[in-house]
Amino acid sequence: MKPNIVLITIDTLRADHLGCYGYQRATSPNIDCLAKNGTVFKNAIAQAPWTIPSLASLLTSKFPPELGMIEKYSTFDGQHKLISSYLQENGYETAGFVSCVLDFLTPKRGFAEGFDHYIGLEMIRADAINQHAFDWLDQRSGDRPHFMWVHYCDVHSDYEAPSPFEKSFTEEQIDKHLGKTRTLKGVLKGQTVLSARELEQVITLYDQEIHYTDHHIGQLITKLKESGQFDDTLIIIGADHGEEFLEHGGVLHQTSLYDELLRAPLIFHYPKRFPKNKRVQTQVQNMDIVPTLMEFCGLPLPEDFRGKSLLASILEEPNEEENYSFAHLDISSFNLGCEEWKESILRTVYMARSNAEKLIYEPLKESFEYYDLIADPKELNDLFTHDALENRAIKEALLNWYTQMERRPDDSQKMDLEQETLDRLEALGYIDG
Amino acid sequence: MTTRPKKLMVIGLDCAAPELVFERWRDRLPNLNRLMNQGIYGPLESSMPPITVPAWACMMSGKDPGHLGVYGFRNRKDRSYDNLGMATSLAFKEDMVWDHLGRRGKKSVVLSFPPSYPVKPIVGWSTACFLTPNSQSAYTHPPELKVELEKATGPYIPDVMNFRTDDKDNLLEQIHAMAKNHFDQAEYMAKEKDWDFFMMVEMGVDRIHHGLWKYCSPTHPRFVPGNPYENSIRDFYIYSDQRIGKLLELAGPETAVLVVSDHGARDMIGGICINEWLIQEGYLKLNGPVEGLQNPSKVGIDWDNTKVWAEGGYYSRIFLNVRGREPKGIVAPEDYDNLRTELTEKLTALGDESGNPIGTVIYRPEEIYKKINGIAPDLLALFGDLSWRAVGTVGHGSVHTRENDTGPDDANHARDGLYIYSSPQGEVPASPHRAALYDIAPSILKLYGIEAPENGAGKTLDFF
């Protein structure tokens, strides 16, 4: 029988806050254990810094703009298959257990497509998600392999891990307000200033949510072991995006395309067939997960997939040739209710990243940012000048991609709106012809 | 020590005409009349061009269009021929009055200020202007205000959505519904929010002028006495005055009040087909035959043989195709000024169909702006000093047209808008007092004890 597949994604989990990615705190003993027995991609890049576009892309291997999944109200248009559909059509029993902000990942957004069983609820805790998953595992008959997607949302703000995890990394009583979304939005709006100590406390609160989530991932693994499925299950650990802690002036996510928001953990665990304790440095994209699963299951890769299978990198030598990852962010007033934030974050930005460089482009302002990721991995020193980019392949790669993405389906709607407004102005006599 | 009023309420009436408010209908407008009697008022010289965008933005930033880099609703983004960008709120980078106030902790309510779509964050509350595509759009700051307002006043009506109609009853209905919606919103906000500065802009006056002027203006060539719409504009002023009265009650006696318009209105006699004229005079050459009425760019412009082209609208923006500046420029840089002089002379001499002078005024941007950002027109042409509109399309077969090619519209803008200022501490001045739109921002800031921003185009009015 084909092996089971369990895709675990953790909302808002930045890679560098996990032990297996070098974090100094013991936030993630269970994930680290999977990492030790699996393949860790050290530089996996999400295609957007917030949930809807990032997971839409991860589950389809297409870019968020071409899916039309870039806005707070975006819904799959039915034209793009999710990995669940491919697997369902090929004999897998499929189930999703998903906790999310608002209704972002609920069936009405199209995320339940291809799932035989789907639970998508607003902000329920990991223990409740697990309970749904365990019930399903208990009641299913075992004659087909299963594909299970589990998405935990606990690490997303508010950061307020339940007992005993609220004391995982501190003895002191941290002011609960520091972990509230409302407080952190206040920071973005410039209404609240965090002292260095408060920032540390905010990070502690965040880390404790990771610790809590890791514990429940441990519970899920125990469940798989108890039911005798663990050895025949490919487990993938990933995330939709990271979180900012003032590295570039912002907090939460959705405001920029720096690595603290885009570097996600990516771990493949399947000791039966995959090597143990393997580390891959070359960058990959979250969009590569689906092609990898397809190849793993022996299914042909559709031509319109944007990602590449990582199977060869896992089983053989990593593919070290130069490649680009891409990410997109649209924060307009059409979107996200971010208008309440400071104006400087209202923008549409496009990013291309190689192993050594990052280029960020904001078409409206025709502005670029350019970083040397080797000398300046924290992206603090913008090297952009037109001369510096002269003949750089990354510029061509970014602009090519931008040109493709710019013509996204959802543009037609915006064009209509603009045309409507222009027609109105013309009727009023402001413009002519 | 002079005491200053604590708060200011600005009521903007787009296109409100001084002669109508100060003279013709003054007796029928009790609330505005009271303000005039208590305070100071007069004509308010508009920006050049005197057009909603950029005029309001000039008024509330104190900067001229050159400084703002916005010369109308559509602006050339670069020196190429076809890259016109629409001037939304994003085109404006300069601080407005409420930005200065916000930095000092003062809260503003700003409603339907043009252009304010897409909506930008301010300290306080705002709704976006008539560029808001429809009532579903995100048009409030903060975003949750949308639900609150709609609960109180119903769905937002950003503009008259179907202006190009011959059904005047329907048009009037739309204009009244829109104005009611905006005044309802204003009353709600004035009452519910703890504001230091309040401003609303109502577009209804502008829309009713453009839609029904010829029915109401006895001097318009197509005016018919006794027609059923003869009092429609007057009645709308009366309605607006009533609603202003309610707002003044809500503002309270301690609040200073400024009623203001961005420009006035005047009879539109006809149109000058500027591109037809440029073709006739050999400045502009098209690639192919014209089918019906078309924009020259749709027909295709033979840039290798074109020295000058123009955009139409209430006024005309005239561009020279300069070598080394435009992609296929043919006017030698050393001939640039001579050609502008030649065009100015010919166009000012161009009269109506019978050759009677119409009083066209041509400006060079460097004469009227302190600074020039973005891409300014090489000449700004006000045909008949705005009594003739500028028609950009070709295919009319003549330079003059008496039909507006973009739909019913019998009013053009006049250079003078109006202001009425009444302060609880104010003294009553002797006679109407002329002021300029550029003076408004520094004067408002003075009320709040804030210095005028640098590089402003106006002065601080001493009676503020």
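The values are calculated or read from the model by the stated rules, or taken from the named source; none is laboratory data. Quick caveat: nothing in here was measured; it's all calculated off a predicted structure. In this analysis, Cβ positions are derived from the backbone assuming ideal geometry, glycine residues included, and neighbour counts consider all displayed protein chains.
Among the residues of region A:249-281 satisfying the criterion of being closer than 21 Å to A:Val40 by Cα and among the β-branched types (Val, Ile, Thr), which is modelled with the highest pLDDT?
Top of the filtered list is A:Ile267.
What residue, among those in region B:91-113 that are out of contact with any Leu (no Cβ under 7 Å at 6 or more places or on another chain) and assigned to a helix (DSSP H, G or I), is farthest from the other protein chains (Cβ to nearest Cβ)?
So the residue we want is B:Leu101.
So which pairs qualify, if the first residue must be in region B:438-464 and under 20 Å from B:Tyr369 (Cα atoms) and touching a residue at least 24 places away in the same chain (Cβ under 8 Å), the second must be surrounded by 21 or more Cβ atoms within 10 Å (Cβ to Cβ) and polar (S, T, N, Q), the Cβ gap must be under 8 Å, and the two must be at least 6 apart or on different chains?
So the pair list comes out as B:Tyr438/B:Ser47; B:Ala441/B:Ser61; B:Pro453/B:Ser61.
B:Ser137 fails exactly one of the following numbered conditions: (1) facing another protein chain (nearest Cβ under 9 Å); (2) closer than 19 Å to B:Trp56 by Cα; (3) hydroxyl-bearing (Ser, Thr, Tyr). What is the number of that condition?
Condition (2) is where B:Ser137 drops out.
Scan region B:399-411 and tell me whether some residue there is surrounded by fewer than 22 Cβ atoms within 10 Å (Cβ to Cβ), within 14 Å of another protein chain (Cβ to nearest Cβ) and assigned to a strand (DSSP E or B).
Yes: one or more hits.
Quickly run through region B:69-85 and pick out the residues that are on the phi < 0 side of the Ramachandran plot, surrounded by 19 or more Cβ atoms within 10 Å (Cβ to Cβ) and either facing chain A (nearest Cβ under 10 Å) or of a type outside the set (Ser, Thr, Tyr) (or both).
B:Val70, B:Phe73, B:Arg74, B:Asn75, B:Arg76
Tell me yes or no: at least one residue of region A:43-54 is out of contact with any His (no Cβ under 7 Å at 6 or more places or on another chain), at pLDDT 95 or above and in a strand (DSSP E or B).
yes
If I go through region A:154-198 residue by residue, how many of them are among the hydroxyl-bearing types (Ser, Thr, Tyr), within 24 Å of the chain's Cα centre (by Cα) and either part of a helix (DSSP H, G or I) or modelled with pLDDT under 95 (or both)?
Total meeting the criteria: 3.
Scan region A:346-361 for residues that are more than 14 Å from chain B (Cβ to nearest Cβ) and in a strand (DSSP E or B) and jot them down.
Once the filter is applied, which keeps residues that are more than 14 Å from chain B (Cβ to nearest Cβ) and in a strand (DSSP E or B), region A:346-361 yields A:Val349, A:Tyr350, A:Met351, A:Ala352, A:Arg353, A:Glu357, A:Lys358, A:Leu359, A:Ile360, A:Tyr361.
Here are some residues: A:Asn381, A:Asn391. Which one is modelled with pLDDT of 90 or more and either more than 10 Å from chain B (Cβ to nearest Cβ) or on the phi > 0 side of the Ramachandran plot (or both)?
From the options A:Asn381, A:Asn391, the qualifying one is A:Asn381.
Out of the residues in region A:1-50 meeting the condition of being touching a Phe, Trp or Tyr at 6+ places or on another chain (Cβ under 6 Å) and of a type in the set (Gly, Ala, Ser), tell me which one is surrounded by the fewest Cβ atoms within 10 Å (Cβ to Cβ).
A:Gly38
Quick grid of which residues meet (1) farther than 20 Å from B:Thr341 by Cα; (2) within 14 Å of chain A (Cβ to nearest Cβ); (3) touching a residue at least 40 places away in the same chain (Cβ under 8 Å); (4) among the polar types (S, T, N, Q):
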residue: B:Ser232; (1), (2), (3), (4): yes, no, yes, yes
residue: B:Ile238; (1), (2), (3), (4): yes, no, yes, no
residue: B:Leu286; (1), (2), (3), (4): yes, yes, yes, no
residue: B:Ile330; (1), (2), (3), (4): no, no, no, no
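So how many residues does region B:119-178 have that are buried (at least 21 other Cβ atoms within 10 Å of the Cβ) and more than 24 Å from the chain's Cα centre (by Cα)?
Looking only at that region, the number is 3.
Return only the number of the condition from (1) in a loop (DSSP other than H, G, I, E, B); (2) in contact (Cβ under 8 Å) with a residue 12 or more places away in the chain that A:Phe97 does not satisfy.
So the condition that A:Phe97 fails would be (1).
Within region B:206-217, is even one residue surrounded by fewer than 24 Cβ atoms within 10 Å (Cβ to Cβ), away from every other protein chain (no Cβ under 14 Å) and over 23 Å from the mean Cα position of the chain (by Cα)?
Checking region B:206-217: not a single residue is surrounded by fewer than 24 Cβ atoms within 10 Å (Cβ to Cβ), away from every other protein chain (no Cβ under 14 Å) and over 23 Å from the mean Cα position of the chain (by Cα).
May I ask you to verify whether B:Ser46 is over 20 Å from B:Asp235 (Cβ atoms) and in contact with a helix residue (DSSP H, G or I) (Cβ under 8 Å, 6 or more places away or on another chain)?
yes
What about B:Asp169, is it more than 14 Å from chain A (Cβ to nearest Cβ), within 27 Å of B:Ser387 (Cα to Cα) and without any contact (Cβ under 8 Å) to a residue 60 or more places away in the chain?
yes
With respect to B:Ala190, determine if the residue is touching a helix residue (DSSP H, G or I) at 6+ places or on another chain (Cβ under 8 Å) and either at pLDDT 90 or above or closer than 23 Å to B:Ala17 by Cα (or both).
Considered against the rule, which asks whether it is touching a helix residue (DSSP H, G or I) at 6+ places or on another chain (Cβ under 8 Å) and either at pLDDT 90 or above or closer than 23 Å to B:Ala17 by Cα (or both), B:Ala190 comes out as yes.
Taking the options B:Arg79, B:Arg34, name whichever one is outside any helix (DSSP H, G or I) and farther than 22 Å from B:Asp206 by Cβ.
B:Arg79
Restricting the first residue to region A:197-208 and requiring it to be farther than 13 Å from A:Leu184 by Cα, which pairs with a second residue that is part of a helix (DSSP H, G or I) meet a Cβ separation below 7 Å and a spacing of at least six or different chains?
Every condition considered, the pairs that remain are A:Asp207/A:His17; A:Gln208/A:Phe165; A:Gln208/A:Glu166.
Does B:Ser137 qualify as being modelled with pLDDT of 90 or more and of a type in the set (Gly, Ala, Ser)?
For B:Ser137, the condition - modelled with pLDDT of 90 or more and of a type in the set (Gly, Ala, Ser) - is not met.
Residue-wise test of (1) surrounded by fewer than 18 Cβ atoms within 10 Å (Cβ to Cβ); (2) at pLDDT 95 or above; (3) within 13 Å of another protein chain (Cβ to nearest Cβ); (4) farther than 16 Å from B:Gly72 by Cα.
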| residue | (1), (2), (3), (4) |
| --- | --- |
| B:Glu345 | yes, yes, no, yes |
| B:Thr360 | no, yes, no, yes |
| B:Arg364 | yes, yes, no, no |
| B:Lys370 | yes, no, no, yes |
| B:Asn373 | yes, no, no, no |
| B:Asp378 | no, yes, no, no |
| B:Leu382 | no, yes, no, no |
| B:Val391 | no, no, yes, no |
| B:His396 | yes, no, yes, yes |
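Taking into account only those residues within region A:1-30 that are closer than 30 Å to A:Glu93 by Cβ and either touching a Leu at 6+ places or on another chain (Cβ under 6 Å) or of a type in the set (D, E, K, R) (or both), which is modelled with the lowest pLDDT?
A:Lys2
Is there any pair linking a residue in region B:290-304 that is within 12 Å of chain A (Cβ to nearest Cβ) and in a helix (DSSP H, G or I) to one that is surrounded by 15 or more Cβ atoms within 10 Å (Cβ to Cβ) and of a type in the set (Phe, Trp, Tyr), with Cβ under 8 Å and at least six apart or on different chains, and which?
Going by the 8 Å Cβ cut-off, the qualifying pairs are B:Pro296/B:Trp309; B:Ser297/B:Tyr81.
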